[in-house]
1. If F67, F29 are ordered by their accessible area, calculated over protein heavy atoms with a 1.4 Å probe, which sequence runs from highest to lowest?
2. Which length gain, in nm to one decimal place, applies between T118 and I52 when the Cα-Cα distance is subtracted from 0.36 nm times their residue separation?
3. What percentage of the solvent-accessible surface of the chain, computed with a 1.4 Å probe over protein heavy atoms, is contributed by carbon and sulfur atoms?
4. How big is the charge dipole of the stretch 29-121 about its Cα centre, in debye rounded to the nearest 20, if each Lys and Arg gets +1 on its Cβ and each Asp and Glu gets -1 on its Cβ?
5. Cα gyration tensor of the stretch 24-78, axes a ≥ b ≥ c as square roots of the eigenvalues: rounded (a/c below 1.5), prolate (a/b > b/c) or oblate?
6. Just read off the accessible area of L11 with the full protein assembly in place, 1.4 Å probe, to the nearest 10 Å².
7. Classify the chain from the C-alpha gyration tensor, please: rounded if a/c falls under 1.5, else prolate or oblate depending on whether a/b exceeds b/c.
8. In Å², and per residue, what accessible area does the chain have when probed at 1.4 Å with the other protein chains present?
Amino acid sequence: QVQLVESGGGLVQPGGSLRLSCAASGSIFSISAMGWYRQAPGKQRELVAIIISDGSTNYADSVKGRFTISRDNAKNTVYLQMNSLKSEDTAVYYCNAVLKHTIASPSYNYWGQGTQVTVSS
C-alpha cells in the first residue's frame, strides 16, 4: 500500500557530504512523522533524525551540528543532509514514516529498504 524509496547513499571520504532522499508513495492520507535511522554492522538500529508534521526536529547527539533533516510535505519526501562525515557514520540508513491511510485509520509505521553510506578514505 505504501512504498518508501530511498536514494543518495554511497562512498564518501571523511569530511565529505552526502544527501539522502526518501519519497513516500501509495495510499497516504497524512504523514505525522518521517525520520532516518541507521544500523552499522553488529549494532542495533538507532535513530539519526526525525521531523514531525509541524516541522519540529530531533537529532541523535552524535550527529547534531553535522546533519540536517528537512521535509517537503507536498512531495511526501524527507531529506537528510549529512556534512562533516566521519567513519563512524558508516551504516545502512533507513527511512521511516508514520502515516495514516484515511482520516479514520490508525497510524502505521513504514520502512524503506535501506541505503548504504560508507565513509572511508
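1. Solvent-accessible surface, decreasing: F29, F67.
2. Additional length available on full extension: 21.0 nm.
3. Carbon plus sulfur share of accessible area: 48 percent.
4. That gives the stretch 29-121 a dipole magnitude of about 80 debye.
5. In terms of gyration-tensor shape, oblate.
6. 130
7. prolate
8. Value for the chain: 52 Å² per residue.
The values are calculated or read from the model by the stated rules, or taken from the named source; none is laboratory data. As the structure is a prediction and not an experimental result, all values here were calculated from the model. Cβ atoms come from the backbone with ideal geometry, glycine included; neighbour counts cover every protein chain shown. Just the protein is used for accessible areas: all its heavy atoms, side chains included, with ligands, DNA and RNA removed. Shrake-Rupley method; radii C 1.70, N 1.55, O 1.52, S 1.80 Å.
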